[in-house]
Amino acid sequence: MKRTSLRRLAAGASAAALVSAGALFGSSAAFAQPTPEETQAATEPAAQPADSGQKSEEEKHDDSAEKQAETETEEQQKPASAKTKELSKTDEPAEDDGDDDAPAFDPQVSSAPDEITAADLTDPDKGISITASNLQAGDVVTDNLTNKPNTADGDKLTTSVYYTGDASDLKVGDTVNFTVTVAREGEESKTFDFTVTIIGEDDGDDEAPAFDPQVSSAPDEITAADLADPDKGISITASNLQPGDVVTDNLTNKPNTADGDKLTASVYYEGDPSDFEVGQKVGFTVTVSREGEESKTFDFTVTIIGEDDGDDETMEPELKISPQKISVTDFRNENKGVQLTVTNCYPGEAAAFIIEHENGELSYEVDADTNDDGTAVIEHIHGTGNAPDSAYTGTYTVTVICGDGESDGTFSVHADDNGKGGGDSDKGRDRDRNELPRTGSDLTALYGAASLLAVGAAAMVVSRRKSTKQ
């Protein structure tokens, strides 16, 4: 058994020596191989006894060592070229030809601007700028306005799209549709749709102002003679314009063309002044037009007034106060009080009466319409509420305003002759203590509910001042 094991080990050692010797002469060179007879003689196991049913532990150990030696011998006997091929299958990556990862055909196209004048759209040096990206060299970009192909030499291409026809073919507000197509050999072409809107010329401005004109007129009252005078008339001012806008009125029907953002013109009546009567209202319109925009019309009204005979103020209101002196008891009597009358105002207009106490804290204001004679009357202004009499005594100033003129006067409220003035007497006041000052049963209250507190506070101030003086 020992001789058999030694024989096997010797055979393995001989084979290993032969492989090593071949390696010394070069990995690619062939080396001597043992003859089949030698290999068989070296590896053939010794005959086993026929009656041996089990292998001893020593025999098992010898068999394991023999298999391991045979495996090592086979590996060493493989030519170097075979080993190289096996390594190339697992350790070396496949060669890259460089064209395996060509970019997918996914072009992107954008255009600018989306608004353009007809002149710029027909100008080859301006037009619409289109930019195509995600390209590769050789891709072809074409639009349906010029039909000129542009070949990309990289991943991006920028070119100009313009209209080859006449600019007069295009009107402000028109929309022009066009397409841009990107083609690549071996791929299905891709087409992109765009729209551009035709706008008006901006005379060098980057952004034309929106059409939002504003028109005002002055005065709103005029004599018939002035309305029919071309050198006077009504002054109209139009703003938010742009050069070329046209302003027209329906009295003269004469167009006025703006040369800037504002225009001032005179509107007058071309007929006879006798066509109008004092107090008559005359309506007229002013229209602003812009090319390519819907015209805008503004309505105005002017009132005919009487001649002023050269005076700036035709009316000089005159104020009458009755009585100018009154006791506090009578002043607090709603059936008495003080009467205010204004004359020489314009008929039908409102006259404003302002009544102020000398302490500056009690102030009342009321309006009254004038009659056909230009007269307005407040039957009586009187005190009310639960303030002490001393709150009402003193001097009052009355100012009346009507039209462009005004007039003023005074009246005074004094303590009763019986010495009760300045006290807290409630005689003559059988109404609700919370009632506010008013001008009589035919007029509304001069103050709101909140002003009652102000009147009370003013009364307290007056009382304290008098106490201090005493």
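The values are calculated or read from the model by the stated rules, or taken from the named source; none is laboratory data. These numbers come from a predicted model, not from an experiment. Because the Cβ atoms are built from the backbone with ideal geometry, glycine has one as well, and the counts that use them run over all protein chains shown.
Can you tell me which of Phe276, Phe300, Phe331 is of a type in the set (Phe, Trp, Tyr) and free of Cβ contacts under 8 Å to residues at least 60 places away in the same chain?
After applying the criteria, what remains is Phe276.
Do any residues in the stretch 388-404 that are assigned by the TED database to the domain that holds Gly348 have Cβ atoms under 6 Å from those of residues that are polar (S, T, N, Q) and part of a strand (DSSP E or B), where the two are at least six apart or on different chains, and which pairs are they?
That search, which allows pairs on different chains as well, returns Thr395/Thr410; Thr395/Ser412; Thr397/Thr410; Val400/Ser407.
Can you confirm whether Ile199 is among the hydrophobic types (A, V, I, L, M, F, W, C), under 27 Å from Lys281 (Cα atoms) and in contact (Cβ under 8 Å) with a residue 60 or more places away in the chain?
Here the answer is no, as Ile199 does not meet what is asked.
For Asp373, work out the one condition from (1) exposed (fewer than 15 other Cβ atoms within 10 Å of the Cβ); (2) free of Cβ contacts under 8 Å to residues at least 12 places away in the same chain it doesn't fulfil.
For Asp373, the failing item is (2).
Residues checked against (1) exposed (fewer than 12 other Cβ atoms within 10 Å of the Cβ); (2) touching a Cys at 6+ places or on another chain (Cβ under 7 Å); (3) on the phi > 0 side of the Ramachandran plot; (4) outside the structural domain of Val286 (by the TED database):
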{"position": "Ala137", "(1), (2), (3), (4)": "yes, no, no, yes"}
{"position": "Ala152", "(1), (2), (3), (4)": "no, no, no, yes"}
{"position": "Lys156", "(1), (2), (3), (4)": "no, no, no, yes"}
{"position": "Ser160", "(1), (2), (3), (4)": "no, no, no, yes"}
{"position": "Leu170", "(1), (2), (3), (4)": "no, no, no, yes"}
{"position": "Thr181", "(1), (2), (3), (4)": "no, no, no, yes"}
{"position": "Gly186", "(1), (2), (3), (4)": "yes, no, yes, yes"}
{"position": "Phe192", "(1), (2), (3), (4)": "no, no, no, yes"}
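Name the residues in the stretch 253-266 that are closer than 13 Å to Thr237 by Cα, more than 29 Å from the chain's Cα centre (by Cα) and loosely packed, with under 14 Cβ neighbours inside 10 Å, would you?
The answer is Thr257, Thr264.
Return a yes/no flag: does the stretch 309-328 have any residue that is at pLDDT below 90, out of contact with any Lys or Arg (no Cβ under 6 Å at 6 or more places or on another chain) and farther than 30 Å from Tyr268 by Cα.
yes
Consider the stretch 347-373. How many of its residues are assigned to a loop (DSSP other than H, G, I, E, B), touching an Asp or Glu at 6+ places or on another chain (Cβ under 9 Å) and farther than 30 Å from Pro388 by Cβ?
Total meeting the criteria: 4.
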